[in-house]
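Here, each number is a calculation from the coordinates, and none is a lab measurement. Computed from a predicted structure; not experimentally measured. Cβ: placed from backbone, ideal geometry, glycine included. Neighbour counts: every protein chain shown.
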Amino acid sequence: MQTGHGDGATPDRATTDEPREKCGVVGVSLADRDAARPVYYALYALQHRGQDSAGIVTHDGFQQHDHVEMGLVGDAFDEADVEALAGSTGIGHVRYPTAGSVDQSCAQPFTVSFNSGSLGLSHNGNLVNADELRDELAGLGHAFTSDGDTEVIAHDLARNLLDGDLLHAVRETMGRIHGSYSLTVMHDDRVLGVRDPRGNRPLVVGELDDGYVLASESAAIDVLDGDLVRDVRPGEAILLDADGTGYESRQLFEVDDTAHCFFEHVYFARPDSVIDGTLVYDARRELGGALWRESGIDTDVVMPVPDSGRAFASGYADAAQADDASVEFAEGLMKNRYVGRTFIMPTQDERERAVRLKLNPIRSTVEGKSVTLIDDSIVRGTTSTQLVELLRDAGAESVHVRIGAPPIVAPCYFGIDMATREELIAADKTTAEIRETVGADSLAYLSVDAVAAALDEVREDLCLGCVTGEYPYDVAGEATDRDVDRPSPTGLAEADD
């Protein structure tokens, strides 16, 4: 858990100039075939959300089976591992740690056996009161094997599952945990998905020919040749039938206002995913168009920083051309897909060199031209500085940087590892000072209001903590933009589909 001023990243891990992905969760219930392989494929579709560990837990109606390893999905599993996971229900997880250690003890799904059966839990998000609950549960005799907040949720669920009623136990635990979370839970052979009462983390439900699936993004449903049914609503639980024939929907908590993470659309989610009813690719093009309308400049060429800047740049160029500007969309940077992320480089000099290994300019696109470079965000400014220098070295006459999000001025406490407040370039610099630091001829960010409009959301329904410094959850030492009263539980009324 991250609390207090200036520390929104896992210690000793904040070495990248990019925001780090959070986690991805999956839950599957099928009629008459093993769930492990569909979960495995779904995790591949969510690999972008976490690369440190991967795991699957299944249940065959009699006992639980699990396989959890460090590394990418393809490294964590071989054919024999998947074949050994018997049972038609299962959950899965890919992890990047925003709370807890980077080791096997915090890899997920987290499993526990107790008097009321077996429990598996996958978590995407971050709790802000995990330490408080851990101390309370430890005082009641619970023994913890990790320092992650997922184990806190698992122990609290197990404590509330003594009567075997999973929906009741989840409702009780939701009343105690505070922060962001989407969970897939397996109690014996029943799979459940739940989204926190403000819907900060995404979760969707889909239908397969022979069952149902829960996943962080709809792309995981697509890879299983399924159909997206809808987003799981904030505060809602979806309980899949053990035989794969249907699901039960329960609204466990009343929702007064949401706190959807706008950064899912800006950076994290796959462009082909639908998040909260909006295709991410379309949202990024809308954001790019808004960027032109707010701060467009008529240069010879507009180019993306691959890959996440591509849809922004496309939307920006189309909006420019609609205004009869002469700007042309072109690929000006070639990405080497076989180079590891910059964060694995041990020294700053090597990290800067890694930018040149990873991205190489296409000289014919750049030489002798005025260039607009489109990116999704600037974190520390290191990468932006290197890219502007690359383009100048390739002969660009001028380089204008446009960013498809507002300046990141504060850390995220809810599942994104961006950097500490002290490391964020926009935390203590003006846009003019950042422009000078990165060496651009001009620099502009997208406004918060433009982000809300492009996502077809009211500003108050978005989590904007990283760009405003005001958070939708009560974080110790930080300002909140909401009433911090906890959401109210409902009487387990059935939700309308």
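Each of ASP428 and ASP135 was given a label point 7 Å from its Cα along the Cα-to-Cβ line. The distance between the two points is 3.1 nm. Arranged from fewest to most other beta-carbon atoms within 10 Å of their beta carbon, THR145, THR383, THR468 become THR145, THR468, THR383. Panel order for PHE262, PHE62, by other beta carbons found within 10 Å of each beta carbon, from fewest to most: PHE62, PHE262. The distance separating the Cα centre of the stretch 101-178 from that of the stretch 399-419 comes to 31 Å.
For the stretch 51-62, the Karplus equation 6.51 cos²θ - 1.76 cosθ + 1.60, evaluated at θ = phi - 60°, returns couplings of 10, 8, 7, 8, x, 9, 10, 10, 9, 9, x, 10 Hz by residue, with Gly and Pro reported as x.
Residues whose amide H falls under 5 Å from that of ASP417, counting only those 5 or more places apart or on a different chain, are ARG20, with hydrogens built in the peptide plane.
Straight-line reach from LYS358: taking Cα to Cα under 21 Å and skipping same-chain neighbours fewer than 8 places apart, the lysines in range are LYS335. What the phi angles of the stretch 28-45 give under the Karplus curve with 6.51, -1.76 and 1.60, with θ = phi - 60°, is a coupling list of 9, 9, 10, 6, 8, 9, 5, 8, 4, 5, x, 5, 4, 5, 5, 5, 4, 5 Hz, glycine and proline written as x. Taking the Cα centre of the chain as origin and assigning +1 to Lys and Arg Cβ atoms and -1 to Asp and Glu Cβ atoms, the resulting dipole is close to 1140 debye.
For ASP481, the residues 5 or more places off, or on other chains, whose built amide H falls under 5 Å of its own are TYR471. About its Cα centre, the dipole of the stretch 278-471 is roughly 740 debye, where the only charges are +1 on Lys and Arg Cβ and -1 on Asp and Glu Cβ. Between ASN360 and ASN115, the simple label model (points 7 Å from Cα in the Cβ direction) yields a spacing of 6.6 nm.
Ordering SER442, LEU357, VAL371 by the projection of their Cα atoms onto the charge dipole of the stretch 278-471, which places +1 on the Cβ of Lys and Arg and -1 on the Cβ of Asp and Glu, puts LEU357 at the extreme positive end. Helical runs (DSSP H, four residues minimum) scored at -39500 (n - 2.57) apiece and divided by the length of the chain put the mean residue ellipticity at 222 nm at -7500 deg cm²/dmol. The label point for ASP241 and the one for ALA31, both projected 7 Å from the Cα toward the Cβ, are 1.0 nm apart.
By the count of neighbouring beta-carbon atoms within 10 Å, fewest first, LEU462, LEU214, LEU239 end up ordered LEU239, LEU462, LEU214. Taking a ≥ b ≥ c as the square roots of the Cα gyration tensor eigenvalues, the stretch 23-257 comes out rounded, since a/c falls below 1.5.
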